[in-house]
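Comments concern the structure below.
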Protein chains: 2
Amino acid sequence: MIPAPYLLYLGRSDDEVGLKTSRGLAVFRRDDCVGEFRHDECRFTLGLPRLGLAEARGAGARTLVLGIANPGGRLAPSLVEEALEAIAAGMNVASGLHQRLRDEPRLVQAAEEAGVTLFDVRDPPADLPVGNGLPRAGKRLLTVGTDCSVGKMYTTLVLRDAFRARGVAADFRATGQTGILIAGEGVPLDAVVADFISGAIEALSPARDDDGWDLIEGQGSLFHPSFAGVSTGLLHGAQPAAIVMCHDPSRPRMRGLPHYPLPDLAECLAMNLQVARLTSPDVRAVGVALNTSKMDEVAARRLCDETADRLALPCTDPFRFGADPIADWTLRCFAPSSPKPTVSA
Amino acid sequence: MIPAPYLLYLGRSDDEVGLKTSRGLAVFRRDDCVGEFRHDECRFTLGLPRLGLAEARGAGARTLVLGIANPGGRLAPSLVEEALEAIAAGMNVASGLHQRLRDEPRLVQAAEEAGVTLFDVRDPPADLPVGNGLPRAGKRLLTVGTDCSVGKMYTTLVLRDAFRARGVAADFRATGQTGILIAGEGVPLDAVVADFISGAIEALSPARDDDGWDLIEGQGSLFHPSFAGVSTGLLHGAQPAAIVMCHDPSRPRMRGLPHYPLPDLAECLAMNLQVARLTSPDVRAVGVALNTSKMDEVAARRLCDETADRLALPCTDPFRFGADPIADWTLRCFAPSSPKPTVSA
């Protein structure tokens, strides 16, 4: 486990979505975060005290979390310099980037000399199995999306809490660096070797017979030309009984790919069900989660209602309005002895 | 480049498909192969002289190729022992397994002492890009399949030769260990980190403007629960103008997964076109390649004819009957100044 409390890195970031790891920790592990580190150029804040590196150490921070994401996941030179400063101040450093801290000799040497630890959260477990597609016991819900970074992890975590509030055993299964930092465990799916994508998810969410749910964090999108392979293997490995589709209505174009529009919600839902049926023939969609953070409340509620009507599924912004409609509907759909309801019934 | 001539390893294998790397070299690089190494338990032969390790070295072999594949790709203890013997006899060792030769300290030490080299063919190139899906110039054909190991590499290589025989520039782009050993270059796609699957293929088959073709070796199947993520990223990265569907009619069940039947050919073709359209909206199917090696010639020709009629596409066993029908049809479909023909026209 990575020692808390944390100092969350924002740096010079001008990409709101790129800050999602720092923001996720600020939201779901707030009590463990003492501050944020950002330069004047950074337009964003997580609402935490702005602290320098030595200052944060003085305030009790034990680990600097490089909670930023960029396509390709490289360690920029300035990031290495700042990590060196944090180490000199006596902090551990944690990173979810593809390029590993341990592959930067200056960091390794500095950490050794300072007696602190480097955490590469994106290291997949050793000895992952190849997926076998064998039907396994237990109920699993997977969040899928029209794009990357549209709220799949938030939705999964809020749903987990809503299930638990209803007395249902429910576990969050993290598949990305932010989720892993929040949960303390999981599989960094995008860093797994390609042959083992579905096998990694089979291992992450093994058979369970306690009538509880595994709520699996989705990744990417079947419609994202960079990452659809990951999303496909995740769907097959998860064998989901239920999927929840996540979408950011403010985003007209795929993240990082301005030449690709977002898919239509109904088309995206149909494609996800089609792909999922290979390993989970009875899979069903149980809800739509919208990230309405850029809309006023009236417009947001109206869009949720319209979307629910159009797709005949409960629709909410789980983070803003709670996940109750989706949680209630899912548990009703999978109630032990009742016939499967339909929305129009 | 891996020094030829080769001694091809069969060992004790009782899995015909698992020998595909050794067999591929025996077929497409026969002049570079001096013999095969097999135990009495092995029921298969590549038609090469059966040689012991020291004997093969005496016959000129410079490299022992561990040309066997198994799910998970681990180095069995007996394989390590035999590789040590080959090294002691003065041979290099090449392997396409996931588990690397260089991660076995005894092999590393023995190779160093003997002055020979270990080749891990499944090492992906460093610094692969994330796929960007940007449309790129050039014509690309991708082989896809109903399953793993149904003849995608054979079909791609025979098509390459058929294109060249028609005066068309054509290059084979290898994506698996056998293809890489045959071509001397390529990307071992199943060993690439999941986030880079489509980017690896964009790098493997860059834009070309010589009116020639890149013929890209497919991997896995969209209907294989273990590997569909790889196949999806490959389709998106390839941006194929044309796809050729490969199938083994003798195989009722997915390789390694007896609980999964093979998909219907028409369904599999439709799904491949649907997925490919994300990055290549005008993609079209140009042929079906059957592996009829377990059928007599009359039955094989009849099945090719029936399949061609049913799917309205040229169908052949490229290895047995040549790839002419598919090559002719493809070049006609993509001839510069003519309208696109249809089979029924």
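A few remarks follow.
- Taking the 1.4 Å solvent-accessible surface of the protein assembly as shown as the whole, the part contributed by carbon and sulfur is 51%.
- Simple Cβ-charge dipole of chain B, Lys/Arg +1 and Asp/Glu -1, about Cα centre, in debye nearest 20: 560 debye
- Partner chain coverage, peptide A:197-204 - average Cβ within 10 angstrom: 3
- If R0 is taken as 22 Å, the Cβ-Cβ distance between B:ASP210 and A:HIS259 corresponds to a FRET efficiency of 0.30.
- Averaged per residue, the range A:197-345 has 39 square angstrom of accessible surface, using a 1.4 angstrom probe with ligands and nucleic acids left out.
- The range A:194-345 - share of DSSP beta bridges that are antiparallel (%, nearest 5): 20 percent
- According to the Cα-based calculation, Rg over Rh for the protein assembly as shown is 0.99, with Rh computed by the Kirkwood formula.
- Comparing A:LEU257, A:LEU19, A:LEU215 in a Gaussian network model of chain A (Cα springs below 10 Å), the most mobile by mean-square fluctuation is A:LEU257.
- Count of lysine pairs in the protein assembly as shown with Cα separation under 22 Å (8 or more residues apart, or interchain): 10
- Under a model in which nothing but the beta-carbon of Lys, Arg (+1) and Asp, Glu (-1) is charged, the protein assembly as shown shows a dipole of about 1060 debye around its Cα centre.
- Summing charges over neighbours of B:GLU185, with a neighbour being any other residue whose Cβ is under 11 Å away from its Cβ, gives 0 when K and R count +1 and D and E count -1.
- Using a probe of 1.4 angstrom and keeping all protein chains present, the accessible surface of the range B:11-151 works out to 43 square angstrom per residue.
- The contact between chain A and chain B removes approximately 3100 Å² from the accessible area (both sides summed; 1.4 Å probe; ligands, DNA and RNA excluded).
- Peptide B:185-196 has a mean of 6 when you count, residue by residue, the C-beta atoms of other protein chains within 10 Å of its C-beta.
- Cα shape, the range A:6-120, gyration tensor, a/c 1.5 rule: oblate
- Across the copies of the chain, A:PRO129 has label points (7 Å from Cα along Cα→Cβ) spaced 3.8 nm apart, shortest distance listed first.
- Considering only B:ARG302, B:ARG29, B:ARG164, the Gaussian network model of chain B with Cα springs below 10 Å gives its largest mean-square fluctuation to B:ARG302.
- Selected from A:PRO252, A:LEU331, A:ALA276, residue furthest toward positive end of dipole (the range A:205-345; charges at beta carbon): A:PRO252
- Gyration tensor verdict on the range B:91-157 (Cα atoms; rounded if a/c is under 1.5, prolate if a/b is larger than b/c, oblate otherwise): prolate
- Where both bridge residues fall in the protein assembly as shown, DSSP classifies roughly 5% of the beta bridges as antiparallel.
- Expressed to the nearest 5 percent, the antiparallel share of DSSP beta bridges inside chain A is 5 percent.
- Extended-chain gain in nm, criterion 0.36 nm per residue less alpha-carbon gap, B:LEU303 and B:GLU55: 84.8 nm
- Distances, shortest first, from the label point of A:PRO3 to those at the same position in the other copies read 5.2 nm; the point lies 7 Å along Cα to C-beta.
- Residues B:GLU41 and A:ASN70, FRET efficiency given R0 of 45 Å [Cβ-Cβ distance, rounded to 0.05]: 0.30
- Packing around the peptides A:273-283, A:244-254, taken as the average count of other Cβ atoms within 10 Å per residue, puts them in this order, highest first: A:244-254, A:273-283.
- Separation in nanometres of the label points that stand 7 Å from Cα toward Cβ, at B:ALA4 and B:ARG166: 2.7 nm
- Among B:GLY151, B:GLY73, B:GLY167, residue whose mean-square fluctuation peaks in a GNM of chain B (springs only between Cα atoms under 10 Å): B:GLY167
- Using a 7 Å Cα-to-Cβ projection, B:HIS259 label spacings across copies, nm, ascending: 4.2
- The length gained by stretching the chain between A:ALA126 and A:VAL17 to full extension, at 0.36 nm per residue less their Cα-Cα distance, is 36.3 nm.
- Three-way shape call for the range B:206-345 based on the alpha-carbon gyration tensor, with the a/c threshold at 1.5: oblate
- For B:ARG310, the solvent-accessible surface with a 1.4 Å probe is about 140 Å², rounded to the nearest 10.
- Taking 12 Å as the cut-off, no amide N atom of the range A:57-77 comes nearer than this to a point 7 Å along the Cα-to-beta-carbon line of A:LYS294.
- Averaged over A:230-239, number of beta-carbon atoms from partner chains that fall within 10 Å: 5
The values are calculated or read from the model by the stated rules, or taken from the named source; none is laboratory data. All figures in this text were calculated on a predicted structure; none of them were measured in a lab. So basically every Cβ, Gly included, is an ideal-geometry build from the backbone, and we count neighbours across all protein chains shown. Keep in mind that these areas ignore ligands, DNA and RNA; they rest on the heavy atoms of the full protein, side chains included. Shrake-Rupley method; radii C 1.70, N 1.55, O 1.52, S 1.80 Å.
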